[in-house]
Structure formats: C-alpha cells, structure tokens
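Undergrad: Structure below; questions to follow.
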Amino acid sequence: MVQSTQQSFILSDKSLDQEKFKKALGVRFSQDFLTLFNQLEKLDPKDYLAISSESLASPIFSTMPISPSMLGLEMAVVLFELNADPVAILAALLVPKFANFSLITKTKLDLLEKKLGPESSDIIQILRGVEAMNLAHALLDKQKLKSDLDGLRKMFLSMVNDVRVVLVALSKQLVLMRHIKTIDNMQAQMIAKTVMQLYAPLANRLGIGQLKWELEDRAFRQTSPLAYLNITKNLDEKRKDRENYLNNLLKNLEKILDQEAIDFELAGRVKHIFSIYKKMQGKHLDFEQLFDIQAMRILVRDIASCYKTLGLVHELWEPIESEFSDYISSPKPNGYQSIHTVVKGPEGKNIEIQIRTFSMHEESEMGVAAHWRYKEGVSRDSAYELRIAWLRNLLEWQKEVGQDLREDLNQSGESAPHKNIVLDQHVYVFTPEGKVLDLPQGATPIDFAYLIHTDLGHRCRGAKIHGHIVNLTYALKTGDVVEILTTKESRPSRDWLSERLGYVKCPRTRSKIAAWFRREDDLNKDKDKEKDKDKEKIEKERLEKNKLNKLEQEKLEQEKLEKNKLEKIPERKHFKNSGDFVLAGVDNILISPAGCCRPVAGDLILGYITQGKGIRVHRQDCSQMILKSNWHPERLINIAWAEEIKGKYPVDLLIFSQDRSGLLKDITTVIVNEKISISGLNTHLDRKSQTTQIALTLDMKDREQVSRVCHVLKQVDGVMDVIRR
C-alpha cells in the first residue's frame, strides 16, 4: 500500500532505470552537469582518507547490501522529483560515501574540492550540514529523549541556513525506509521511530506532502506491522483506484463550478495509511466510521463564494448533516477558518470536502493556524515560524522555477537566499537528562544554569560540554550537552556582571545576578547598622553607670523606702494564684505581662517590682529585664505560671520574605487555619531587594502554639525566616 515518489524511474523488476534518470538530468540541467554527475557517481571516498583503515561511509549505509553509489542515485532521484537544484542533487549523490569529515585532512579536502568543481564549497557545506543533523539525531538516541521533541525539531532547523540540507537529509531517510528490510531489526526500529518523531514532522512543516506521507507509512509499517496490515485489509481497493475515483469526482465538480463562473482551485487527496490510523485512534473510531478516506479541498476568492460552493456541493451529493462544521462563522481557537462537510458520493462512498478562501488557506499554511500546528498541537514560536515560512516559500519557488536557483539569481546580481539568509538567532542545547533548551546566540554556561534555576546559577562554578570542562565564557553551540558544576554555597561573582568579560549574554541572567548582589548589599548594610547600634548601646551603658555613681546615694535611699513598703505586706507560706501567675508569699498586688517581651505560658519568666504599677512579668531572656537587673537586682522576684492558663497573650512575630503577589493572603490564611486572632499587622517593602518584612501581633496561649505557628509560616512560599521579637 506504500506508494513510491520515484515510480517514473522504476523498471518492472523494481530496480532504478539509471539511463532514463540520467537522460532526464541532462534535459533539465545541462550535459556539463551530467558529466560531473557521472564522475562523482564513480568517485571513491578511500582516495581522500587520512587513515586508510578508516571509512568515510555512513555506518548505516555500510551495513546494507546495496552499494553507496546506488543509494546516492536513489537519493538524487527523490530530490530531482522535488525540483531541487543541481547542487543538492550532487550532494545527495555523495552523502552515502562521505559521512565523517573529521577523517579528511586539509590536503585531501583541497583535492576533493577540485574534483567537485565550481560548486564544491556549496556541496561540502550541504554534506557537513547533513553530518551535523546525523550527530544531533545520534545524540537523541544517546540521551533517550522521550519528550520535548518539538525542541529537537527546532534544533534541527536552527542548524540549517540552507534549505537543501533539510531536503538532502529527508531524501536520505526516505531511501533508508525504502530499504528498511535489509537492515538489522533493532536498528530498523530505531530508524523508523526517529523518522516518525523527527523527519516526517519536518517534511510536514515544510509542506513536502509527498515525502511526509511516504515516510510516515513506511515507518508505521515497521513500528506497528499488525495495525498497518489491519488497515490495508480494510481498504478494499488499491490506492490508484481510490485516486481515479477521486479524480472523476473532481472533474464533475469542476464543470459545475465553471458553469457558475466561480474562480476556484481544486485539490484531491486520498488519505494514507498512517493518517487513517491516527484518525481511528484519536477519535476512537472503527474503520467503517471514517468519513474522509477520500477528501478534496476547494479554494475560492471570497467568503460569499465559500457558501455558494457549499450549496452546489450539497446539490450534487447528499450531505451527512452530523459531519458538517462551519469554522468560518465560528473559527477555531487558533484562528483556523474553513467549511468542513462530508457527502455521500457515487457508489455510496463518503467524501470529506473542505471549502475556504485563498487567504484562509494561506493563513492555515503559513500563519497562526498552520496545518502542522493544528495536527500536532504545538504552541507558537514566531522566530521558528519565520524560518519555516522562509524554507517553505523557497521550496515553492523552486517548484515554480524548476531550474538552478543560482543561475537565475546571478543574472539579477543577487545572492542566493538559501545561502545568505540567517533567520534563527537561537542555539539549542541539551541538559544531561536530554531536555532541549533554547538560548540566544552567544549564550554561555552561566546563562544556561540560570535558565534552568536561579539557585543553580548562583552556585555555578564551572561547566562541561560533552563531558569536557570549558570556560564559563564559552559560547554554547547547537547540539551541546551542557553539565553545570556547582558548590554548596550560593555566591555568584561580580565579574559575571561585566559585559567586557563576556560571562553573560542574556539580560535576564544579568538581572538575576544583580538582584543577588543588591540583597547582599542590603544585608551588609543591616549588619553595619546593628554594629553601630551595639556601639551606641555600650556607650549608653557606660554613661548610665556614670550617672549611677553620681546618684548612688539617692537611689540607695529610694530603694530602702521601696523595701520598707514591701516588708509591710503580710507574708504567707502558701502560693497565691493571681490570674495566670503564681507568686510566692504575697497577694493583693497587681501582676501583668511586660509589653517589651510579651511572655506566654511556657516561657521562663521573672517578676520585676515597679514603682506604683505592681509586678511586671518578663521573659528571662528579655533585654530590658537584663538591663534592669543590673541596676536594681533587689527588685527581681520569682514568679511562675499557673497550672491552668485561662487567658491568651499578645505575641510579636517578624516575617522576612521575598515579595510576591498573594503573599499576605497566604500568611493570613495559615494563621486563620490555626484559629488564632490577629491583633496587629504591619508591612514594609524594600523595592531594591524585592523583600518584605511583615510584623504581626497574634493572641496565643502558650509557647508550644508559638513554635507551631512559626514552623507553619516558614513553609509558606517565599518566606525566608520567622522570628519572635
């Protein structure tokens, strides 16, 4: 059921009709070209080896029972039928013979260039491009990449500044698939999987339908032989018969549209086997439920003509109402516009028909609703779409011109677009786990590290490319496998911020590094302020001591008076409970928690006898308590918490956090979930460091509850620390 695109050059024994093909080459190009073609066909790569025991041939081609020359001829036929230029065809002829340019010395390369003639530099550039794609594809197998295939496809196209490289690479994969039965089964499965995941989608994106469907069908046959066989059995007629059936429908429809003076284009298609399989799987349908084994597309000038054509189609064939969709009046979310209808054609066969304007078709092929994105469900990338659009336009131009691009362009004095236009400004590299990341050209390992995670960037101290240590100023190249070497401590270097030193390319990376140093500078300023406060505190204590010496006598007399007052209070041998506090030996005295340290049950506490305000209860680690104990140690009194605590006490907490949207909501939600009342809240934002300080006053029962709340608050995203004041 798999059709061949080189059918016109195939003999009855399925071999290539070389004479017919070469005659066609001479007609399309020139006899001089044909002479060079014949010379290169006979070229022996061993003549250009640096080491005679090595081989330049592609490893996979060398295992096949077909000569590299014949494989090259088959690739040339594929490109000839795509209207490729002569340089691409000559390069294809050599691909099976030259797959490793590292084995060719400079002297040998000069000899090869002389042999290739005036087009030598372009031919070698294409060969090197195909070699690079082979290396990336081998890297895929090595990394066992199971996802991010779209990233790898982007990487493939980013390596290509010449559309002919992609065409030659696709022709190589097609020839491999045509001879897949001659390859070891395990290797054949790997080739088929790669074709399905990479090369067929690339052909689809470039609009080369004749390669896409054949690559998919052949790969599907290799990877899922039973499913392939099941579908072929259900197709009760050959593809050629289906095409003839569809052509007759097109002729009938063409007459009617001509009679109505509608400006139109018609295109028919017969679904290939893998498309049928995808439809059955995607919509959970049996073969009999499929409506679009035969399908056609009608392009017209305007929307009014779309609906007029729809009416003519429904008059000609009976519509199936449940299968009608109007995406013109109600476009798809990605902007796709078209009318889809299914009708019952002759012999009771269902036919899917799509009707749209030329501009809608162009948009679906080249813009936001591109056909490949509709099918693959991939998000947009404007730079990538620009490259695809450029490649596809160039392919269309080649088809229309049908001759050497260089010849026409040289006559106009312009340079060939497939040589000099560079659209992709990105490099695509691998993580050690095989994920593809894209960065701007010139990006360094430091940019790579910060793209993965900010903390990884802060801890970066070195990098390896393909297992070899490189400088941190190394410019990453497409296909590199990058491994970051780190330290435990997060500490970037200020040198990284210097544009002159070239450590960083991406502005986003530079801003992350600068933010780290701003935070560090702010912390250092805070530390300096604390040191200054400590100095002030020491000086204040010194002055206070001097004052104490001067007023010593007065204070001693005042203390005696206070002591006499306390001696008048009657002593008791039992403990008196005063609210939540138990005081030995006294009652009828006011006891209250101090506002400076705000103790709660479970804290180690001391009482301090005030002048006229009763006893204030402090935490033993309270700085005010320690200071007062130095001045008036005789005023300290032992006090304890009652066995049963009835009240709740205010507790001051200070939260340090990175600023973000929703932070305050998350913090208050945590507190509410703990069933705690908030009696005070204040915030302070430091815009330079993008950090926030949140001061909270909470009503809590005991020390255990305070510890639990602090622990829970530290789990909130962005919170760096929680302290009790």
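The values are calculated or read from the model by the stated rules, or taken from the named source; none is laboratory data. A quick note: this is a predicted structure, and the numbers were derived from the prediction, not measured. Every residue, glycine as well, gets a Cβ built from its backbone with ideal geometry; the counts of neighbours run over all protein chains shown. For the accessible areas, the whole protein counts, side chains as well, though only heavy atoms, and no ligand, DNA or RNA atoms are used. Shrake-Rupley method; radii C 1.70, N 1.55, O 1.52, S 1.80 Å.
Undergrad: Condition first: under 13 Å from Val600 (Cα atoms) and modelled with pLDDT of 85 or more. Can you find one or more residues in segment 709-725 that meet it?
TA: yes
Undergrad: Moving on to the next point. For segment 298-315, enumerate the residues that are in contact (Cβ under 8 Å) with a residue 60 or more places away in the chain and closer than 14 Å to Leu249 by Cβ.
TA: The first filter runs over segment 298-315 and keeps only residues in contact (Cβ under 8 Å) with a residue 60 or more places away in the chain, leaving 299, 313.
The one that is in contact (Cβ under 8 Å) with a residue 60 or more places away in the chain and closer than 14 Å to Leu249 by Cβ: Val313.
Undergrad: Right, something else. Can you confirm whether segment 499-509 contains a residue that is touching a Leu at 6+ places or on another chain (Cβ under 7 Å), among the charged types (D, E, K, R) and either without any contact (Cβ under 8 Å) to a residue 12 or more places away in the chain or under 19 Å from Lys688 (Cβ atoms) (or both)?
TA: Taking every residue of segment 499-509 in turn, none turns out to be touching a Leu at 6+ places or on another chain (Cβ under 7 Å), among the charged types (D, E, K, R) and either without any contact (Cβ under 8 Å) to a residue 12 or more places away in the chain or under 19 Å from Lys688 (Cβ atoms) (or both).
Undergrad: If only one of Thr478, Thr486 is at pLDDT below 90 and surrounded by 18 or more Cβ atoms within 10 Å (Cβ to Cβ), which one is it? Please lay out each step first, then the result.
TA: Working: Thr486 fails: surrounded by 18 or more Cβ atoms within 10 Å (Cβ to Cβ).
Selected residue: Thr478, the only one of Thr478, Thr486 that is at pLDDT below 90 and surrounded by 18 or more Cβ atoms within 10 Å (Cβ to Cβ).
Undergrad: In segment 277-325, what residues are under 16 Å from Gln259 (Cα atoms) and at pLDDT below 90?
TA: Once the filter is applied, which keeps residues that are under 16 Å from Gln259 (Cα atoms) and at pLDDT below 90, segment 277-325 yields nothing.
Undergrad: Can you confirm whether Leu93 is more than 21 Å from the chain's Cα centre (by Cα), part of a helix (DSSP H, G or I) and at pLDDT below 85?
TA: Values: more than 21 Å from the chain's Cα centre (by Cα): yes; part of a helix (DSSP H, G or I): yes; at pLDDT below 85: no.
No; evaluated as a whole, the condition is false for this residue.
Undergrad: I want to confirm something. Restricting to segment 702-725 and keeping residues that are assigned to a loop (DSSP other than H, G, I, E, B) and either small (Gly, Ala, Ser) or open to solvent by 90 Å² or more (accessible area, probe 1.4 Å) (or both), which single residue is farthest from Asp666 (Cα to Cα)?
TA: Looking at the filtered set, the residue picked out is Arg725.
Undergrad: Modelled with pLDDT under 85, surrounded by fewer than 18 Cβ atoms within 10 Å (Cβ to Cβ) and touching a helix residue (DSSP H, G or I) at 6+ places or on another chain (Cβ under 6 Å): does that describe Lys688?
TA: Working: modelled with pLDDT under 85: yes; surrounded by fewer than 18 Cβ atoms within 10 Å (Cβ to Cβ): yes; touching a helix residue (DSSP H, G or I) at 6+ places or on another chain (Cβ under 6 Å): yes.
Yes, satisfied.
Undergrad: Wholly within segment 198-310, which helices (runs of 4 or more DSSP H) include no fewer than the required count, namely at least 3 residues that are surrounded by fewer than 21 Cβ atoms within 10 Å (Cβ to Cβ), over 29 Å from the mean Cα position of the chain (by Cα) and among the charged types (D, E, K, R)? Even if it seems obvious, please write down each step before you answer.
TA: Details: elements: 200-205, 209-223, 225-234, 239-259, 273-283.
Of the helices (runs of 4 or more DSSP H) lying wholly inside segment 198-310, those with at least 3 residues that are surrounded by fewer than 21 Cβ atoms within 10 Å (Cβ to Cβ), over 29 Å from the mean Cα position of the chain (by Cα) and among the charged types (D, E, K, R) span 239-259.
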